[in-house]
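Please treat every number below as a calculation from the coordinates, not as lab data. Keep in mind the model is a prediction, meaning the values are calculated, not measured. All Cβ positions, glycine included, derive from the backbone under ideal geometry; neighbour counts span all protein chains shown.
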Amino acid sequence: MKTAPALGFLTSCRKSARIKLALNWKPEPEFGGFYAAPYSKHGLDVEILPGGAGTPTVQMVGAGSVDFGIVSADEVVLARSHGNDVVALFAVFQDSPAGIMAHASRNLTSIGDVLKEGTIALQSGLPFARLLERKFGFSHVKVVPSPGGDITSFLNDEKFAQQCYLTSEPIAARRKGAKVTVFAVSEIGYDPYTTVLAVSGESLRKNPDRAKAMVAAVREGWRAYLDDPKAANQQMHQLNPTMDAETFAEVAEVQKPFIETDATRRNGLGTMSRERWETLIGQFKELGDISQTIPAEECFRVL
């Protein structure tokens, strides 16, 4: 997305360079506010780089190959534990949309029920998968690799459950005629911020005004997208025609409660708290993923 740099920003920075913003997935509603953001109003010339499965945005940000990237809070904690100076600036999803999808016909009432029988598809190594195993055990279920967004196995097996985004696979399954029950991973206390705008610590120190301008533009973009997603959805649909216009509209609506919460109504869209980061860091310490506690205030900035 190319926009004209504003005069004020040019004056303060002498030269306007195109800013690269790397997404960690294809253009979809979870990124709507980034496409709706009025970058030029804030003196920014931004190019959005679509991602895909395994796009290493946190490493790209830390290495300086992109100026900003979309990551998750857990990636920030792990990156910083390995010396990668990545800092979160804006958290789109206040509540994680990660979850487990099961067939409604099983009459399950909790994630714990899902793990009493059948098959569950999980991405190996994910913190929430290990927390699930620690809390409930996997001795009564068959664990298989996550199929990503593919719901074929789910549709063909009533006893098959799989990890999902509550704003994605359940919608696809219902469109195929399946009746589903979904359980948020936050049910077990694991609730990292997701779709997080991040920058390298070095970049933040050298150019804090640019980071502030980026956050301001993104906040305006998300406000605009939440109010009316049509224009951004059309733009993203052109870039990602595999998702139809109806799905774009439905997902944009379904994801709203994860983005706009009591916390954002008090403190503004994208807000983050020290307490939430401390909880996440403590969970990683408990799992043994980090050897020592990381100061929460080093993980994020409020601009």
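Once both axes come from the Cα atoms, what is the angle between helix 245-254 and the longest principal axis of the chain, in degrees from 0 to 90, rounded to 10?
Helix 245-254 sits at roughly 90 degrees to that axis.
For residue 298 and residue 134 in the same chain, what is the full-extension length gain: residue separation times 0.36 nm, less their Cα-Cα distance, in nm? Present the calculation step by step, with values, prior to reporting the outcome.
Working: separation 164, 0.36 × 164 = 59.04 nm, distance 2.85 nm.
Full-extension gain reported as 56.2 nm.
In nm, what is the difference between 0.36 nm times the number of residues separating residue 273 and residue 239 and their Cα-Cα distance?
Working: separation 34, 0.36 × 34 = 12.24 nm, distance 3.38 nm.
Net length gain for the segment: 8.9 nm.
Could you give the length gained on full extension between residue 152 and residue 110, defined as 0.36 nm per residue of separation minus the Cα-Cα distance, in nm? Don't skip to the answer; put the middle values down first.
Working: separation 42, 0.36 × 42 = 15.12 nm, distance 2.32 nm.
This chain segment gains 12.8 nm when fully extended.
Measure nothing fancy, just the Cα-based angle from helix 127-136's long axis to the longest principal axis of the chain, in degrees from 0 to 90, nearest 10.
In the chain, helix 127-136 runs at an angle near 30 degrees to the longest axis.
Run through all the Cα pairs of the stretch 98-188 and give the fraction in each 5 Å bin from 0, expressed as whole percent.
Each 5 Å bin holds this share of Cα pairs: 3, 15, 30, 29, 17, 5, 1.
Treating only the Cβ atoms of Lys and Arg (+1) and Asp and Glu (-1) as charged, compute the dipole magnitude of the stretch 98-188 about its Cα centre; round to the nearest 20 debye.
Numbers: 11 positive and 8 negative charges, 15 e Å.
For this selection, approximately 80 debye.
Find, among the GluC sites (Glu not before Pro) in the stretch 143-209, those assigned to loop by DSSP (not H, G, I, E, B) with at most 16 other beta-carbon atoms within 10 angstrom.
Values: sites: 158, 187, 202; in loops: 158.
When the GluC sites (Glu not before Pro) of the stretch 143-209 are filtered for loop state and at most 16 Cβ neighbours within 10 Å, 158 remain.
Charges at C-beta only: +1 for Lys and Arg, -1 for Asp and Glu. How large is the resulting dipole of the stretch 175-265 about its Cα centre, in Debye rounded to 20? Let's see the in-between values first.
Details: 12 positive and 13 negative charges, 50 e Å.
Charge dipole of the stretch 175-265: 240 debye, to the nearest 20.
Test of understanding: given the chain, find the longest segment containing no trypsin sites (Lys or Arg not before Pro) that are in a DSSP loop and have at most 15 other Cβ atoms within 10 Å.
Details: sites that count: 2, 14, 15, 18, 116, 159, 176, 179.
Segment 180-303 is the longest.
Out of all DSSP beta bridges with both ends in the stretch 98-188, state the antiparallel percent to the nearest 5.
55
Below 20 Å, Cα to Cα, which aspartates and glutamates can residue 20 reach? Residues fewer than 8 away in the same chain don't count.
By straight Cα distance, residue 20 reaches 28, 30, 45, 47, 67, 75, 85, 202, 209, 220.
Find which of 299, 103, 37 sits farthest along the positive direction of the dipole of the chain, computed with +1 on the beta-carbon of Lys and Arg, -1 on that of Asp and Glu, about the Cα centre.
About the Cα centre, the residue reaching furthest to the positive side is 37.
Between 0 and 90 degrees, rounded to the nearest ten: what's the tilt of helix 230-239 against the longest Cα principal axis of the chain?
80
Have a look at 143, 46, 182 and tell me which one the Gaussian network model of the chain (Cα, springs below 10 Å) gives the largest fluctuation.
For the chain, modelled as a Gaussian network with Cα springs under 10 Å, the answer is 143.
Gaussian network model of the chain, Cα springs within a sub-10 Å range: biggest mean-square fluctuation belongs to which of 237, 103, 140?
Checking each option, the largest mean-square fluctuation is seen for 140.
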